[in-house]
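Below: one structure, written as structure tokens.
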Amino acid sequence: GAGVSQSPSNKVTEKGKDVELRCDPISGHTALYWYRQSLGQGLEFLIYFQGNSAPDKSGLPSDRFSAERTGGSVSTLTIQRTQQEDSAVYLCATGGGGPYEQYFGPGTRLTVT
Amino acid sequence: EDQVTQSPEALRLQEGESSSLNCSYTVSGLRGLFWYRQDPGKGPEFLFTLYSAGEEKEKERLKATLTKKESFLHITAPKPEDSATYLCASGGATNKLIFGTGTLLAVQP
């Protein structure tokens, strides 16, 4: 497709369950980023991929959060044993159009009950 | 610590009433200053990148400018469809973007 796509668009899960969020990048974009946007707060960086490797994982808030990228394309963000404070919109962005330019997907709204 | 601060938090304008949004930054090794627009329920939409002080970029009713410490997003004769949250971000020494909390703009007809 022409833009970054994410699935699911909405996810409601019970506290303690694991969730997987998916990002399909713009074709040819080698850089991929995950961010989190909580109500009333700015976008918070989580992790950065260049190709399949993750040179910057500094934003992952705990070891319950992990991400992988395969084939230099699709990425999956996994949250284990979800907590209510994990409720947020998770945004994926990809880059390749210029230094640091990032293009965002529509996000996945995660609600942990 | 790298930081981006936006002001005001919210701005209400009448249609046609020009104004400016401010973004101040303290970043070591700035690698670009970015402006995005975000509509409710959607991801941020890329608007501009500025790389050096004195640089200006324009798109329709929007013009972004950059100094060594801040950036401004000027909105000329806004229309109701310009209503959105405008986000500013800096590119620092790593590849991540550091975002401000945004300015919520409402343009009334």
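The values are calculated or read from the model by the stated rules, or taken from the named source; none is laboratory data. Fair warning: this is a prediction, and the values are worked out from it, not measured in the lab. Heads up, the Cβs are rebuilt from the backbone with ideal geometry, glycines too, and the neighbour counts pull from every protein chain shown. All accessible areas refer to the heavy atoms of the entire protein, side chains included, with ligands and DNA or RNA removed. Shrake-Rupley method; radii C 1.70, N 1.55, O 1.52, S 1.80 Å.
Go through (1) surrounded by 17 or more Cβ atoms within 10 Å (Cβ to Cβ); (2) farther than 28 Å from A:SER58 by Cα for B:LEU97 and report which single condition fails.
(2)
Would you check which residues across segment A:55-92 are within 19 Å of B:ALA89 (Cβ to Cβ) and at pLDDT 95 or above and list them?
A:ALA88, A:VAL89, A:TYR90, A:LEU91, A:CYS92 - these are the residues of segment A:55-92 that are within 19 Å of B:ALA89 (Cβ to Cβ) and at pLDDT 95 or above.
Just to be sure before I move on: is B:LEU73 more than 10 Å from every other protein chain (Cβ to nearest Cβ), over 14 Å from the mean Cα position of the chain (by Cα) and either basic (Lys, Arg) or open to solvent by less than 70 Å² (accessible area, probe 1.4 Å) (or both) in the structure I sent?
On the way: more than 10 Å from every other protein chain (Cβ to nearest Cβ): yes; over 14 Å from the mean Cα position of the chain (by Cα): no; either basic (Lys, Arg) or open to solvent by less than 70 Å² (accessible area, probe 1.4 Å) (or both): yes.
Against the criterion (more than 10 Å from every other protein chain (Cβ to nearest Cβ), over 14 Å from the mean Cα position of the chain (by Cα) and either basic (Lys, Arg) or open to solvent by less than 70 Å² (accessible area, probe 1.4 Å) (or both)), B:LEU73 does not qualify.
Results for (1) in contact (Cβ under 8 Å) with a residue 60 or more places away in the chain; (2) more than 24 Å from B:VAL4 (Cβ to Cβ), shown as yes or no for each residue.
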{"residue": "A:LYS15", "(1), (2)": "yes, yes"}
{"residue": "A:SER38", "(1), (2)": "no, no"}
{"residue": "A:ILE47", "(1), (2)": "no, no"}
{"residue": "A:LYS57", "(1), (2)": "no, no"}
{"residue": "A:PRO61", "(1), (2)": "no, no"}
{"residue": "A:GLU85", "(1), (2)": "no, no"}
{"residue": "A:THR94", "(1), (2)": "yes, no"}
{"residue": "A:LEU110", "(1), (2)": "yes, yes"}
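Residues in segment A:76-113 that are open to solvent by less than 50 Å² (accessible area, probe 1.4 Å), polar (S, T, N, Q) and in a strand (DSSP E or B): how many?
The number of residues fulfilling the criteria is 5.
Restricted to segment A:34-75, and to residues that are within 11 Å of the chain's Cα centre (by Cα), within 14 Å of chain B (Cβ to nearest Cβ) and of a type in the set (Ser, Thr, Tyr), which residue is least open to solvent (accessible area, probe 1.4 Å)?
Filtering first and then ranking leaves A:TYR35.
Could you tell me how many of the residues in segment B:52-63 are touching a residue at least 12 places away in the same chain (Cβ under 8 Å), away from every other protein chain (no Cβ under 14 Å) and not basic (Lys, Arg)? Give the derivation first.
Initial filter on segment B:52-63 (touching a residue at least 12 places away in the same chain (Cβ under 8 Å)): B:52-54, B:59, B:61-63.
Narrowing further to those that are away from every other protein chain (no Cβ under 14 Å): B:53-54, B:59, B:61-63.
Going one step further and asking which of them are not basic (Lys, Arg), we end up with B:53-54, B:62.
Here the count works out to 3.
Do you know which residues across segment B:8-23 are among the small types (Gly, Ala, Ser) and either within 10 Å of the chain's Cα centre (by Cα) or not in a strand (DSSP E or B) (or both)? Don't jump to the end; show me each part of the working.
Applying the first criterion (among the small types (Gly, Ala, Ser)) to segment B:8-23 yields B:10, B:16, B:18-20.
The answer is B:GLY16, B:SER18, B:SER20.
In segment B:34-51, what residues are facing another protein chain (nearest Cβ under 8 Å), assigned to a strand (DSSP E or B) and open to solvent by 20 Å² or more (accessible area, probe 1.4 Å)?
B:GLU45, B:PHE46
Here's a check for you: in segment B:76-94, which residue that is closer than 13 Å to B:ASP2 by Cα and among the small types (Gly, Ala, Ser) is most open to solvent (accessible area, probe 1.4 Å)? Explain how you work it out, then say what you get.
Going through segment B:76-94, the residues closer than 13 Å to B:ASP2 by Cα turn out to be B:89-94.
The next check asks that each one be among the small types (Gly, Ala, Ser); those that pass are B:89-93.
Working: B:ALA89: 0, B:SER90: 0, B:GLY91: 0, B:GLY92: 2, B:ALA93: 70 Å².
The residue in question is B:ALA93.
Which of the following residues is touching a Pro at 6+ places or on another chain (Cβ under 6 Å) and closer than 26 Å to B:ARG37 by Cα: A:THR94, A:THR30, A:THR76? Steps first, answer last, please.
On the way: A:THR30 fails: touching a Pro at 6+ places or on another chain (Cβ under 6 Å); A:THR76 fails: touching a Pro at 6+ places or on another chain (Cβ under 6 Å).
Every option except A:THR94 fails the conditions.
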